[in-house]
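The values are calculated or read from the model by the stated rules, or taken from the named source; none is laboratory data. What you are looking at is a predicted structure, and each value in this text was computed from that prediction instead of being measured. All Cβ positions, even for glycine, are placed from backbone atoms using ideal geometry, and neighbour counts span all protein chains on display.
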Amino acid sequence: MTKTLFKLMTVAVLSTALFSCEKGENTNPTNDSQSNEGRVYILNEGVWGGNDAELSRYSDIDNSIANDYFASRNGRGLGDVANDIEIYGGKMYVVVNCSNTVEVIDSKTGNSIQQILLSGKQPREVAFYEGYAYVSCYDKTVVKIDTATLSIVAQCQTEGGKCEDLYAYNGYLYVAHAWDQDASGTTFYDSTMSVINLSTFAVEGKITIGLNPKQVKPIGQGRIMVVCNGNYADVASSLSVLDMGSKAVQKIDIPASNIAVYNDVYALVYNYDWATGQQMFTKINLTTFVETPWSYAASQPLVSPYGIGIDPVSQNVYIADAQNYQTNGDIYVFDAKGTFISKKECGVGPSKIVFL
């Protein structure tokens with residue numbers, strides 16, 4: 001994806017690049033320690049209109065990488081602009097925005113199980129709850145998919161900005177509304193999340209969370225942390241924490257473009273300052289919300305960080321560097337203290353990382 005429409009499309013996509021972590025129920029398969037293919041998938045978003053989205057599979061055993069992993073097993077690519085990847089019940093779900101598909105893949109082999117077509121909906125993100133996948137779409141609907149039959153069973157219409165990230169908890173689905181355009185084509189930003197009752201699959205209420213909410217991560221104790229990207233001008237990005245029981249919102253005055261969460265203990269936050277072009281990483285204690293700096297080896301300068309993942313076992317940090325968003329990017333691996341481990345070239349626009 002680009003930085004300008006390029007930039008306009010990056011407004012829609014950059015801050016949702018995402019990091020690994022199940023959004024909703026977690027039923028990840030266990031790691032096969034005997035496999036030398038590794039246990040880390042990197043989603044390469046591709047160029048807008050390029051039809052070149054792909055998967056890379058990284059081995060944390062020998063620090064090797066297999067690019068074009070999906071195409072090598074299926075004889076075709078993923079499509080145009082892959083926006084999200086999550087694992088549930090041994091299956092990997094890849095949301096492909098411009099191709100209007102959800103690709104369901106065997107997480108161990110990389111083989112396609114089924115391609116689910118969502119014509120004209122521009123799907124964005126996926127979350128799971130009690131045997132169902134919920135896909136947010138740019139037509140302001142959320143689509144419900146049975147993960148056993150892989151069939152679409154219902155959809156819920158929402159109001160507000162376009163639907164971005166979402167999270168399911170205790171019978172409810174929380175959906176971020178980020179931005180939209182008016183009749184003249186002028187972009188405006190929403191500040192709300194829809195609360196969908198999963199029993200009725202209807203919107204039950206709205207919560208004001210912060211300007212331009214994009215990314216949603218669970219942080220334990222019935223809470224989610226939401227990245228609110230502001231307006232990329234005079235309203236800075238920030239974080240909000242929603243208690244899903246009381247519906248109370250706590251604002252955290254820490255700028256953030258993307259976050260990754262380690263076992264509900266801490267969040268690693270990346271911020272890109274649109275006014276100055278400065279980049280910064282910081283860690284946030286998820287109990288006290290106290291922040292401390294996090295820095296990586298200066299000998300490994302990052303150009304355009306576009307996604308972060310934290311290995312839930314080793315605490316190793318994976319940073320996807322999209323470089324110029326038009327050619328192949330890189331995946332960097334650091335330990336928890338920021339010591340450099342490995343750098344590998346991957347596909348175009350590497351954005352999200354998931355762990356088997």
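Only one residue in D311, D234 is free of Cβ contacts under 8 Å to residues at least 24 places away in the same chain and among the acidic types (D, E), so which one is that? Just one listed residue meets the conditions, D234. Return the residue satisfying two criteria in turn: it lies in the range 42-59 and is part of a loop (DSSP other than H, G, I, E, B) and charged (D, E, K, R), and of such residues it is farthest from the chain's Cα centre (by Cα). Result: D52.
Condition check ((1) under 30 Å from V96 (Cβ atoms); (2) in a strand (DSSP E or B); (3) of a type in the set (D, E, K, R)) across all residues:
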position	(1), (2), (3)
T287	no, no, no
T292	no, yes, no
A297	no, no, no
G307	yes, yes, no
P312	yes, no, no
I319	yes, yes, no
G329	yes, yes, no
V354	yes, yes, no
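Here V203 qualifies as more than 17 Å from V269 (Cβ to Cβ), more than 17 Å from the chain's Cα centre (by Cα) and surrounded by fewer than 23 Cβ atoms within 10 Å (Cβ to Cβ).
For (1) of a type outside the set (D, E); (2) modelled with pLDDT of 95 or more; (3) within 17 Å of I353 (Cα to Cα); (4) surrounded by fewer than 21 Cβ atoms within 10 Å (Cβ to Cβ), each residue gets a yes or a no:
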site: S72; (1), (2), (3), (4): yes, yes, no, yes
site: R76; (1), (2), (3), (4): yes, yes, no, yes
site: Y88; (1), (2), (3), (4): yes, yes, yes, no
site: M92; (1), (2), (3), (4): yes, yes, yes, no
site: C98; (1), (2), (3), (4): yes, yes, no, yes
site: V104; (1), (2), (3), (4): yes, yes, yes, yes
site: I113; (1), (2), (3), (4): yes, yes, no, yes
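For a quick check of your reading of the model, give me the residue pairs whose first member lies in the range 92-105 and is in contact (Cβ under 8 Å) with a residue 40 or more places away in the chain, whose second is in a strand (DSSP E or B) and basic (K, R), with beta-carbon atoms closer than 6 Å and at least 6 apart or on different chains. Matching pairs, first to second residue: V104/K91.
Among the conditions (1) touching a Ser or Thr at 6+ places or on another chain (Cβ under 9 Å); (2) part of a loop (DSSP other than H, G, I, E, B), V226 misses just one, which is (2). On the basis of being within 17 Å of G338 (Cβ to Cβ), within 22 Å of the chain's Cα centre (by Cα) and polar (S, T, N, Q), does T282 make the cut? The answer is yes for T282.
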